[in-house]
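In what follows, a structure is listed as structure tokens, so that the remarks can point back to it.
The values are calculated or read from the model by the stated rules, or taken from the named source; none is laboratory data. Note that the coordinates shown come from a computational prediction; the quantities given were computed from them, not determined experimentally. With ideal geometry, Cβ positions are generated from the backbone for all residues, glycine too; neighbour counts draw on all protein chains shown.
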There are 2 protein chains.
Amino acid sequence: MNVRDLPTPALIIDVPAFEHNIDAMSTALPGRRLRPHVKAHKCTALACVQAAAGHLGFTCATPREVLGMVAAGLGDDLLLANEVIDPARLRAMSAAQESANITVAVDSRETIDAAASAGLRQVLIDVDVGLPRCGCVVADAGHLADHARNAGLEVRGVMGYEGHLMVVPDRAEQRRQVTAAMEQLATAHADVGGDIMSAGGTGTYDLHDVATEIQAGSYALMDSYYAKLDLPFRQACFVVGTVVSRNERHAVADIGLKALGMDHGNPTIDGASVWFCSDEHITFAATDGRQPAVGDRVSVVPAHIDPTMAMHEVAWLVRDDEAIDRWPIDLRGW
Amino acid sequence: MNVRDLPTPALIIDVPAFEHNIDAMSTALPGRRLRPHVKAHKCTALACVQAAAGHLGFTCATPREVLGMVAAGLGDDLLLANEVIDPARLRAMSAAQESANITVAVDSRETIDAAASAGLRQVLIDVDVGLPRCGCVVADAGHLADHARNAGLEVRGVMGYEGHLMVVPDRAEQRRQVTAAMEQLATAHADVGGDIMSAGGTGTYDLHDVATEIQAGSYALMDSYYAKLDLPFRQACFVVGTVVSRNERHAVADIGLKALGMDHGNPTIDGASVWFCSDEHITFAATDGRQPAVGDRVSVVPAHIDPTMAMHEVAWLVRDDEAIDRWPIDLRGW
């Protein structure tokens, strides 16, 4: 099917750009140096491509992502990089250990006890390296590791996500701050032990000397937020819409708040300025003043790829304007 | 099930507040004076309550909403208040006319021709009353009505959504601007004819003297954006999460960007300040400095109800902390 015949709004993946990104990252961080984060795409078909590129370990944000990856045969080494205390979900992941290798992040006695009670076997100690979110203080990491080992858990090491440093305009300054954050993680690691120091993301993937693995995810598809950085990854994901209304000043396409992650602001359209988004609409104006016609297609670059993916049921793979495949976004929800 | 045992993030509807809102609106705008907008909730079970309250006509934003309402037996008088030119979707709605009464908005010759070609029978002329989105200019409305009638369509009247006036801080000023917008719609109506002048929303539901029906939707569940106005509707929808991490300064719950419409900014938590949201987390600090414990529940008020509803598979109905029913959000997607 030609891309102009897809029902809209249509989430599309530009195959050459996607393949470029997969290749560029697997060259920079081969094999287990990258632990791709599936929260960025929520798609096991896409994860299969990452696995085929040599990345057999994956990062997940939710138990549903973990269980979906196991069901897809991608359970070689799954890290739930998030704290969970729901006994039912922990037990479901515990049961999945029959056919998968699962490690969960913990940052408190409560999360350790919940993991142990559910029968999970492996944990990482999640350490606060500056992002005010999850993670214990550095000084507590060793004590929590002791508590986990006393509870019968294997402690594989530490993780510390420097999310506050993903987009720092000056690269040298960014490197300096990442290095400082990773010194904190290394201090915690010295007290914790284990083989793993997991950190990083798309914005800092090439700034790590200490971490043993990087949790990047957005690199595969990209968005206008990460495009501000001078990264070697190309925009590979677009939401394609149909112009349904127009006048001399602006045009309106059928892509709105229910098709776009909006926390990073408005999406962008090449050659146009975006005025605003409504539930099912994007209002925009062509820069050259020649507004598109009703029925024309328009391609929108999401400002934040992760929540955008979670809003769509399917992604269309497009090469040379032909939709050559259709991937379910099968890890949505909780 | 007690609300504290629901898997989180859980979208909940507070039944007494919801019932209050339904009653308050059906008292103010009884029967067909209100044409509830289903885009605000995307839930046929909720629409059934609105129908039981006397509102038998509904407003939809997508063909999927129209077809889902027909399948649910709620096809008495459905208005697609949006322009669509996709022939397959128009034909699907045309086929549904066997068992439903469907009217679609049009604002151009292209959308009129597409509707007629697909076999649809009834249209409203969508008029620009100041919101830069869809809608023809006032002077074109009569010509478009002629074109529609020449194409064999019944023209039921006009619609004009004054979305730019939903949240004007000063009520007197808001009324003045709504009146001016509706004068435009009345001018168009004089050229178009038909019985319907459809307009309005939750923020202006009580400011209309000219429109024959009001398209409000958010009133049923509300959000922190509409809460800024002094409306007689109560907050009836919350996203409940579990605290998964905490320290002396802040706490983190499992409600993030994939569970919250973010285009109106951060959600709110009673008694806390919200710092930021990540994909699966909300970081917040209790105002009194006593951060909740790991495992505690937290209740979040969405900033924008419409996209929030579209992110969830189900809503739990809660009365006295008991989940008494479970409604599928069955009109999601396109």
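Comparison of B:V240, B:V301, B:V314 shows that the only residue that is touching an Asp or Glu at 6+ places or on another chain (Cβ under 8 Å) and either free of Cβ contacts under 8 Å to residues at least 24 places away in the same chain or outside the structural domain of B:K39 (by TED's automatic domain parsing) (or both) is B:V301. Restricting B:A285, B:A303 to those that are aliphatic (A, V, I, L, M), within 13 Å of another protein chain (Cβ to nearest Cβ) and within 16 Å of B:K258 (Cβ to Cβ) reduces the list to B:A303.
Every residue, every condition in (1) touching a residue at least 24 places away in the same chain (Cβ under 8 Å); (2) more than 14 Å from the chain's Cα centre (by Cα); (3) surrounded by fewer than 24 Cβ atoms within 10 Å (Cβ to Cβ), yes or no:
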position	(1), (2), (3)
A:H164	yes, yes, yes
A:Q174	yes, yes, yes
A:M182	yes, yes, yes
A:V192	yes, yes, no
A:T204	yes, no, no
A:A220	yes, no, no
A:P232	yes, yes, yes
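Just one residue in the set A:G160, A:G152 is free of Cβ contacts under 8 Å to residues at least 60 places away in the same chain, among the small types (G, A, S) and within 14 Å of chain B (Cβ to nearest Cβ); that residue is A:G160. Going through segment A:295-306 one residue at a time, which ones are assigned to a strand (DSSP E or B) and β-branched (V, I, T)? Correct list: A:V298, A:V300, A:V301.
Checking each residue in segment A:118-127 for being free of Cβ contacts under 8 Å to residues at least 60 places away in the same chain and more than 13 Å from chain B (Cβ to nearest Cβ) picks out A:A118, A:G119, A:L120, A:R121, A:Q122, A:V123. From the residues in segment B:307-327 that are buried (at least 23 other Cβ atoms within 10 Å of the Cβ) and part of a strand (DSSP E or B), which one is nearest to the chain's Cα centre (by Cα)? Taking the candidates together, the pick is B:A315.
Within segment A:220-230, being assigned to a loop (DSSP other than H, G, I, E, B) and either basic (K, R) or at pLDDT below 95 (or both) holds for A:L229, A:D230.
Exactly one residue out of A:G261, A:G271, A:G265, A:G217 is modelled with pLDDT of 95 or more, within 10 Å of chain B (Cβ to nearest Cβ) and at positive phi: that is A:G265.
In segment B:1-21, the count of residues that are out of contact with any Leu (no Cβ under 8 Å at 6 or more places or on another chain) and under 24 Å from B:M197 (Cα atoms) is zero.
Restricting attention to segment A:237-247, the residues that are at the interface with chain B (Cβ under 10 Å from one of its Cβ atoms) and not small (G, A, S) total 5.
When segment B:65-89 is limited to residues that are of a type in the set (V, I, T) and within 12 Å of chain A (Cβ to nearest Cβ), the one that is farthest from B:A53 (Cα to Cα) turns out to be B:I85. Taken over segment B:101-119, residues that are touching a Ser or Thr at 6+ places or on another chain (Cβ under 6 Å) and surrounded by fewer than 24 Cβ atoms within 10 Å (Cβ to Cβ) amount to 2. I'm trying to understand the selection: among the residues of segment A:28-65, which are in contact with a helix residue (DSSP H, G or I) (Cβ under 9 Å, 6 or more places away or on another chain), in a loop (DSSP other than H, G, I, E, B) and touching a residue at least 60 places away in the same chain (Cβ under 8 Å)? Scanning segment A:28-65 gives A:P36, A:H41, A:K42, A:C43, A:T62.
Hey, does segment A:128-142 have a residue that's away from every other protein chain (no Cβ under 14 Å), surrounded by fewer than 23 Cβ atoms within 10 Å (Cβ to Cβ) and in contact (Cβ under 8 Å) with a residue 40 or more places away in the chain? Scanning segment A:128-142 turns up at least one residue that is away from every other protein chain (no Cβ under 14 Å), surrounded by fewer than 23 Cβ atoms within 10 Å (Cβ to Cβ) and in contact (Cβ under 8 Å) with a residue 40 or more places away in the chain.
Among the residues of segment B:69-85, those identified as part of a loop (DSSP other than H, G, I, E, B), surrounded by 16 or more Cβ atoms within 10 Å (Cβ to Cβ) and either under 17 Å from the mean Cα position of the chain (by Cα) or free of Cβ contacts under 8 Å to residues at least 24 places away in the same chain (or both) are B:L74, B:A81, B:N82, B:E83.
Are any residues in segment A:319-334 over 16 Å from A:V240 (Cβ atoms) and among the aliphatic types (A, V, I, L, M), and if so, which ones? Matches in segment A:319-334: A:L331 only.
Please work out if B:A92 is within 10 Å of another protein chain (Cβ to nearest Cβ) and either in a strand (DSSP E or B) or of a type in the set (G, A, S) (or both). So B:A92 fails the test.
For segment B:19-45, taking the residues that are aliphatic (A, V, I, L, M) and closer than 24 Å to B:E98 by Cα, the one that is surrounded by the fewest Cβ atoms within 10 Å (Cβ to Cβ) is identified as B:A45.
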